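See structure below.
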Amino acid sequence: MTRTFFKYIFKMQLKSMTFVGISVFCLILLFDFAEMARKYPISNFSETWFAIKLALLRSPSTFCEVLHYVYFITATFSLWNLCASQQLTILKSTGQSPRQILRPFISFAMFMSAIWLFVFHPLGLFTQQRYDQLANHSSITKANNDIWIDYTKKNQVIFIKNITKDTISDLYIFNTKDRSKLFAQHAKANKNKWILNNVTTINDGKTTYSKNQVINYNLLSPELLSILSASPRHQNIYNLCKVYSIEKNNGVSLKLYELTFHNLLANGMSFILFALIAAIICFPINRYKTKTNIAIKVIFASIMLRFCNNMFESLAYSGIVPVWLACWATVLILLCISIAILIWKEA
């Protein structure tokens, strides 16, 4: 495949993706503005501008959630246009295989995956945070609630009711080996030490109370507590990588954060998956397909993928399947099926 054709396909997808992406973003912005206008009065210019500002801050996070589906539409109809205009037939007559024709589509999918994972998603989370602060007329960070931490190396299970930066409210530490329990009404991390207030300890059926207690604990550092003070769905890939590395190094299990981390990576891989599914929908190239036929297949594939993801996430939450398997199963299975079908069609 010539470099000229590669650049042509890449630029064509970039233009289509830009046009479709801007159109979808404007549509999301319009719906968000309508919702803001319903929630807040817009009787004058300042109130109207406030509603517009809220809509502008909220729309990027919604747009990030549907961007891979936007790419699916773009890739499918780009391939369909090449098929309908007989360009792919001409390329195949010159000896180019469907696998070679797909290379620029896969390359663009990898490019979009990296941009979404490291730029668009963190930007969407940032604007969502700004929206929450502005909508609540407060810059106070909300506390993260109900956090379970399995610390297998020390045979401990930790439950934290609330985390706000480096401050903990209602700390429970259960030892699964000697069945001892510790409850602290408040706790604060200071380097490798925890300062506990109003502590209750139960060991061998004996209950002891203390007003203040200091324990050496290097599991939850102030940096990690600051990250955990926000829910996993409000974390970008950089913070989730930190939490994941701490999990693996210290033998800790934070299921929700691990699930979100793998979901982000799987969603990034879904760009490549959608490029392959688009090829299955449009190939073989000698068959003419209508726009209605293509649209029905795109909608059906999107719904099926979403349903499978939700099903595996439910299994992961309940502990039936491992977290990594729940996040990657759908993507990996469909990738293998898509590659097998394309090889079979090419043969």
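Say we look at segment 6-48 and pick out the residues that are assigned to a helix (DSSP H, G or I) and of a type in the set (G, A, S); which of these is farthest from I101 (Cα to Cα)?
Within segment 6-48, the match that is farthest from I101 (Cα to Cα) is S46.
Taking segment 247-269 as the region of interest, how many residues are surrounded by fewer than 21 Cβ atoms within 10 Å (Cβ to Cβ), assigned by TED's automatic domain parsing to the domain that holds H68 and small (G, A, S)?
The qualifying residues number 1.
Do you know which residues across segment 11-49 are aromatic (F, W, Y) and surrounded by 15 or more Cβ atoms within 10 Å (Cβ to Cβ)?
Applying the first criterion (aromatic (F, W, Y)) to segment 11-49 yields 19, 25, 31, 33, 40, 45, 49.
If the condition is that a residue be aromatic (F, W, Y) and surrounded by 15 or more Cβ atoms within 10 Å (Cβ to Cβ), then F25, F33 are the ones that fit.
Can you tell me which residue within segment 174-222, out of those that are farther than 17 Å from I163 by Cα and small (G, A, S), is modelled with the highest pLDDT?
If we take residues in segment 174-222 being farther than 17 Å from I163 by Cα and small (G, A, S), then S180 is modelled with the highest pLDDT.
The values are calculated or read from the model by the stated rules, or taken from the named source; none is laboratory data. Not measured: the values here are computed from a predicted model. A quick note on method: Cβ atoms are made from the backbone with ideal geometry, for glycine too, and the neighbour counts reach across all protein chains shown.
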